[in-house]
Amino acid sequence: MKLEINGRSVEASPGDTIYVAAKRAGIAIPALCTSDHLAPFGSCRMCLCEVDGQHGTPASCTTPVREGMVVHTESERVRRLRKHLVELYLSEQPSGDRVPEPLHRLAHALDLGHVRYTQPATRVDTVDRSNPFFIFDNAVCISCARCVRACDEIQGTHALTMLHRGFGSRPTAGGSALIGESAGFASSNCVSCGACVKECPTGALIEKTVIEEGEPLHAVRTTCAYCGVGCSFEAGVREERVVRMVPADDGPSNQGHACMKGRFGWTYNYAPDRLRTPLLRQGQEWVEISWSAALDRIAEEWTRIKSAHGPDALATISSSRGTNEENYLFGKFMRCVIGSNHIDNCARVCHSATVTGMMETLGASAATNSIHDLDLAKLILVVGANPTESHPVLGARIKRAARRGVPLVVIDPRRTELARLADLHLQLHPGTNVALLNGMGHVIVKEHLTDTVFVSNRTQGFDEWLNLVAGCTPEATSSVTGVPVHLITEAARLYAKSGGSMAVHGLGMTEHRWGSHGVMALVNLALATGNIGKPGTGINPLRGQNNVQGASDVGCLPTFFAGYQPLTDSTLGAAHLAVTGRPLPTARGMKTPDMWDAALAGRLKTLWIIGYDVAQTDPNLKKVHAALNSLEFLIVQDLFMSETAKLAHLVIPGASFLEKDGTFTNLERRIQRIRKAVEPPNGVLPDWQVVCEVSARMGYPMQYSHPSAIMDEIAQLAPLFAGVSYDRLDRPEGLQWPVPSTTHPGTALMHEQSFPKGKAQFVPVEYLPPGEIPSDTYPLVLITGRILQHYNCGAQTRRTDIMQVVDTDVLEIHAGDAARLDLREGDQVRLISARGEARLPVVVSDRVQPGELFTSFHFPDTDLNVLLSSSADESSKCPEYKVSTVRLEKVTQTAVPAPSMHVMLIT
């Protein structure tokens, strides 16, 4: 439709407001309460306008457009009213430099030089500093409510509200008292996502880093280095230091939102214990050596070991926190210099079961749909995932969908935040995913809810699957899983009949002895109901680390080359030889668990580990430590002296994501740029330059002027990335692979017309029990995972002010078990398995079922993974982190509360 604004003809869409239509046409209207990410509110009145034929001066941000309307946003009357409004706002403000810059600009634009009114007596001039990351200065607040609305509409936490009326109206955290009159943010359920800070138009909410170091002078676009969501940020830089990270409004994955870690957890970049110089072990001491000496030493040792023992004596574990370009080069180094495929990455311990399961069924191992499709789904099925804590931006998006009425089904042993919001929570016993999904399949078949056309045209193996699920009745399924029959039946019906069901799954699906079977069982349901290859549907693994998808994509796997190409592909072999000048090894390499066995057997002599703390995060740590200690020469390349680095012979400093260029690939296959914002300390080299230097010293020069040249080589050798280049990645949305040509726009939706296998394959999988079953000696089941505040081994988050929020791992236990064992909140317990023990404080929680426990592994002092077995998925070797049997022993009768541990229980 068309309308006229300030004499200009403007094209608008149905549902637009005047403000939106004007903005799209490039007509600026002053506003303080409006935001692209929030619903229209109209509280500040700065955007008022006149409409011909209509009385009054409505707010343009809340007034819908209509055909032919004539609007004036800069008339004499509007400007006069706007000037009076600014004068009223300024009357509330403190004098001097604390007056917000937006009000200064408006006053100047409106020729307002004098404020006639005195400050109201009801004004409360207080500052709340209780949050570790930002302050609230009540004196410069204008009560626009953007912070409250951001907390409600974007994050969905509802930690803020407006209190009082008139001049006394102000936002408050916790809803009980005015900010500053009580503990403020610290007493609320705020999750420190920073949405309120970003939305504040006056600086009433402002980051402490900016207060301490000043406003940034320029910004550099980059991508977050925490989880796999791939949030886009603007890194604000002042005097060669990052002082602020602001989520980008046009970020394709986060749309201006962020979580505590991405928004405020970047300050580890300036931690005092950052590694800055290579360190060589000499006896029990560490000696600083030059970069040249360190690179020489790697080349000498690896040349010696290869010559003496052959290529099978050397291996690399690459970094899922590093860039695609760095990971590709480590694979190239192993294949071209060492001559083997002995390279792996941390996908082995998280989503390798997804790779196996999806390759077997679909022929591709990545998310079928985009994050955006959560807004299109007619039902969301969350299996073995806790995204509000592990992938908070995506979790917030699921919460928003649920609150607007999209049915939500959660399959999880724990009563997570999403489980509380869900229409159905199927609270199964750990390790019984396959049984439950097969039981849902039985209902779908019995009630004739399959998509027969889709099954007939696009799948094979359906009859074999029918035969399997025929015996998986809801009653039999319930006896195995503990899920009531009516919930199994209702979940199956909802999933099959929604008209568009989207499944997301996490490590609660994959980190089991039969994790790949669980993924196959989930894919079977999608195939049977046609919930794949369409918007708002699909199978979507939630990748844990920022570039675990990319590390696997570019060939840091012992079983595939870049783009998941078989190592035995003769066409690939010829292309590899032509581009690299070296033959491509065809024998499968060692997976990470194989490396531990080879080291203990004396076959593996040296290992190079980049950005991965296996000595804290892998299961059965006694075995891992023994394997690492048996090596002749262990190289660890990292930002900090990690638990693995402490066991090394040579430690190489790493450059952070803020200190280098490259790309990350997020959980929706989106390749995005990271850009160098600041210089690394003491001339630290990015990982890709380190491997190039060592390779040259070993007789195989790899010369690249910039990571963009490495990406060009990846595009040459991997058809999935043939159309990827830095020129094309400079656009905000990046590219989603496959990108088969330079003119291809990227692929937001996989398998729309066909599958890589031709037809998708039903793979019938029977339920098999987990690796350990509770016994009289070890009667409890331990589940491990992440919490909102910390990330993986905690190497990054433990070096930030997040430690003021949570500073320990805790053990969640059901109230019934706590009473039986005479345990109270804060008691220290000894957690014992067949492999070792750990000590933890107890939190009594209704999130776990009787007989089950939960804890995280973010703090090395806990030594938690010592408890876990080496039981792993039969096909992928993904460890069974989610089922370990243990017993508890009380350490002391005196309760010792763990600081801030109550914050962990997000409800």
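The values are calculated or read from the model by the stated rules, or taken from the named source; none is laboratory data. Because the structure is predicted, anything quoted here is derived from the model rather than measured. When we count neighbours, we look across all protein chains shown, and the Cβ atoms used for this are built from the backbone with ideal geometry, even at glycine.
Quick one: which residue in Leu604, Leu628, Leu634, Leu577 is in a loop (DSSP other than H, G, I, E, B) and under 29 Å from Leu295 (Cβ atoms)? Steps first, please.
Numbers: Leu628 fails: in a loop (DSSP other than H, G, I, E, B); Leu634 fails: in a loop (DSSP other than H, G, I, E, B); Leu577 fails: in a loop (DSSP other than H, G, I, E, B).
Unique residue meeting the criteria: Leu604.
So that you can scan it fast, the table gives a plain yes or no per residue for (1) modelled with pLDDT of 95 or more; (2) in a loop (DSSP other than H, G, I, E, B); (3) surrounded by fewer than 24 Cβ atoms within 10 Å (Cβ to Cβ); (4) not β-branched (Val, Ile, Thr):
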position: Asp312; (1), (2), (3), (4): yes, no, yes, yes
position: Ala315; (1), (2), (3), (4): yes, no, no, yes
position: Ser320; (1), (2), (3), (4): no, yes, no, yes
position: Asn327; (1), (2), (3), (4): yes, no, no, yes
position: Cys336; (1), (2), (3), (4): yes, no, yes, yes
position: Met359; (1), (2), (3), (4): no, no, yes, yes
position: Ala367; (1), (2), (3), (4): yes, yes, no, yes
Can you tell me which residue among Arg297, Arg304 is more than 35 Å from the chain's Cα centre (by Cα), without any contact (Cβ under 8 Å) to a residue 40 or more places away in the chain and closer than 20 Å to Leu650 by Cα? Arg304
If I ask for residues that are among the aliphatic types (A, V, I, L, M), closer than 23 Å to Ser95 by Cα and assigned to a loop (DSSP other than H, G, I, E, B), which ones from the range 130-159 would you list? Ile142, Ala145
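Conditions (1) at pLDDT below 95; (2) more than 17 Å from Thr885 (Cβ to Cβ); (3) more than 20 Å from the chain's Cα centre (by Cα); (4) assigned by TED's automatic domain parsing to the domain that holds Arg420, marked per residue:
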| residue | (1), (2), (3), (4) |
| --- | --- |
| Glu772 | yes, no, yes, no |
| Ala795 | yes, yes, no, no |
| Gln804 | yes, yes, yes, no |
| Ile813 | no, no, yes, no |
| Ser856 | yes, yes, no, no |
Within the range 344-354, is even one residue within 30 Å of Gly251 (Cβ to Cβ), among the β-branched types (Val, Ile, Thr) and crowded, with 24+ Cβ neighbours inside 10 Å? yes
Answer yes or no: is there a residue in the range 875-890 that is at pLDDT 90 or above, surrounded by fewer than 22 Cβ atoms within 10 Å (Cβ to Cβ), hydroxyl-bearing (Ser, Thr, Tyr) and outside any loop (DSSP other than H, G, I, E, B). yes
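Are any residues in the range 28-64 among the aliphatic types (A, V, I, L, M), part of a loop (DSSP other than H, G, I, E, B) and either touching a Ser or Thr at 6+ places or on another chain (Cβ under 7 Å) or without any contact (Cβ under 8 Å) to a residue 24 or more places away in the chain (or both), and if so, which ones?
Correct list: Ala28, Ile29.
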Is it fair to say Leu449 is out of contact with any helix residue (DSSP H, G or I) (no Cβ under 9 Å at 6 or more places or on another chain) and hydrophobic (A, V, I, L, M, F, W, C)? no
Qualifying position, being touching a strand residue (DSSP E or B) at 6+ places or on another chain (Cβ under 7 Å), under 30 Å from Asp712 (Cα atoms), polar (S, T, N, Q) and in the same structural domain as Gln689 (by TED's automatic domain parsing), among Thr592, Thr606, Thr580: Thr592
What's the number of the only condition in (1) surrounded by 24 or more Cβ atoms within 10 Å (Cβ to Cβ); (2) of a type in the set (Phe, Trp, Tyr); (3) in contact (Cβ under 8 Å) with a residue 60 or more places away in the chain that Trp596 fails to meet? (3)
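May I ask you to list the residues in the range 787-802 that are part of a loop (DSSP other than H, G, I, E, B) and of a type outside the set (S, T, N, Q)? Can you show your working first?
First, the residues of the range 787-802 that are part of a loop (DSSP other than H, G, I, E, B): 787-796, 800.
The answer is Ile787, Leu788, His790, Tyr791, Cys793, Gly794, Ala795.
Of these, Arg839, Arg824, Arg830, which one is part of a loop (DSSP other than H, G, I, E, B) and more than 17 Å from Arg513 (Cβ to Cβ)? I'd like the intermediate steps shown before the answer.
On the way: Arg839 fails: part of a loop (DSSP other than H, G, I, E, B); Arg830 fails: part of a loop (DSSP other than H, G, I, E, B).
When all the criteria are applied, what remains is Arg824.
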